Amino acid sequence: MSFNQDLYKIFGIQLTKEQESQFQIYFHELVEYNKHTNLTRITEETEVYYKHFFDSISLIKAIDVLDQSTLCDMGAGAGFPSLPIKIIYPHLKVTIIDSSNKRINFLKLLINKLQIDHIDLVCDRIESYARKHQQLFDIVTARALGALPFIIELGIPMLKNSGHLIAYKSSQFKEEIDLSKNALYKLNSKIAHITEFSLPNQLGERALIDIIKIKHVVDYPRAYQQMLKKPL
């Protein structure tokens, strides 16, 4: 496996010894915890490093993370994409929202083992947190969370004006773009650009959809049942 070389070749990232160690700890803790609590179906080392770590870090293909200071990760599960990004960019202040106590408990353990700070772990439903925490973040991320109109309604209200909502998608994203026109209009936001790329080792095709908030709109997100019954 040439994870470090691929990070340097594709992203220009040279890992420090400390960062290498942090990713090793992350992998070990993920696999061990996954033996008794289902966090991921991906546990083989190369796949974890590329399908989770590398894929998460790919955010930097879409925006300049060094220019941002706050990131909110919606439904992070086992910490993807926010924690691999945090390892690379320790200046970020990260908020992770997940509704599962078991996943939050894993993240508490992991953060302690990684010895990283400025991370706020929130066990709550995303729409509930988002209604109470608006216009706070430079970046909001969503990976394997749901359809794009749903992600837009949840994430855009938490962004500052000109902030970035980054949706991680597979190569089958074009239909979701078509279905998102009304959500973009209602939430006063626009797609800035779409970054398509391939994971190394033929491990899959990916797309990063960068959505910029233009102006804040009140009364969103709606209650979950409303979003479910009548998507934007």
What FRET efficiency would be calculated for the residue pair residue 160, residue 66, taking the C-beta separation as r and a Förster radius of 22 Å, to the nearest 0.05?
0.85
Charge tally in the Cβ shell below 12 Å around residue 91, where Lys, Arg are +1 and Asp, Glu are -1, residue 91 excluded
-1
Hey, what does the equivalent ellipsoid look like for the range 1-87, semi-axes from the Cα gyration tensor as sqrt of 5 times each eigenvalue, largest first, whole Å?
21, 16, 11
Bridge type composition, the chain - antiparallel percent by DSSP, nearest 5
45
Tabulate in residue order the Karplus-calculated ³J(HN,Hα) for the range 183-197, using 6.51 cos²θ - 1.76 cosθ + 1.60 with θ = phi - 60°, rounded to whole Hz; enter x for Gly and Pro.
4, 4, 5, 4, 9, 6, 9, 8, 7, 7, 6, 10, 10, 9, 7
Looking at the chain, which longest stretch skips every one of the trypsin sites (Lys or Arg not before Pro) that is in a DSSP loop with at most 11 other Cβ atoms within 10 Å, leaving the sites themselves out?
42-214
Neighbour net charge for residue 53 - beta-carbon separation under 14 angstrom, K R +1, D E -1:
-3
Give me the distance between the Cα centres of the range 24-53 and the range 75-116, rounded to whole Å.
14
Summed side-chain charge close to residue 134 - residues other than residue 134 whose Cβ falls under 13 Å, Lys, Arg +1, Asp, Glu -1:
+2
Short to long, in 10 Å steps from zero, the percent of alpha-carbon pairs of the range 1-155 per bin is 10, 42, 37, 10, 0
Dipole size in debye (nearest 20) for the chain around its Cα centre, Lys and Arg Cβ +1, Asp and Glu Cβ -1?
780
Relative contact order computed over the range 1-73 (Cα-Cα under 8 Å; 6+ residues apart), in percent
33
Interatomic Cα distance distribution for the range 82-198, bins of 10 angstrom, percent
12, 42, 35, 11, 0
Starting from the Cα of residue 102, draw a straight line to each of the aspartates and glutamates and keep only those under 20 Å, dropping any in the same chain fewer than 8 residues away.
29, 32, 73, 120, 124, 127
Any of 93/160; 9/190; 51/230; 61/213; 108/186 with alpha carbons more than 26 Å apart? Name them for me.
9/190; 51/230; 108/186
Compare 77, 163, 204 in a GNM of the chain, Cα atoms joined below 10 Å, and give the one with the largest fluctuation.
204
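Values in this text are rule-based calculations from the coordinates and carry no lab data. Quick caveat, the model's predicted, so the values are computed rather than measured. Glycine gets a Cβ as well: all are built from the backbone with ideal geometry, and neighbour counts include every protein chain shown.
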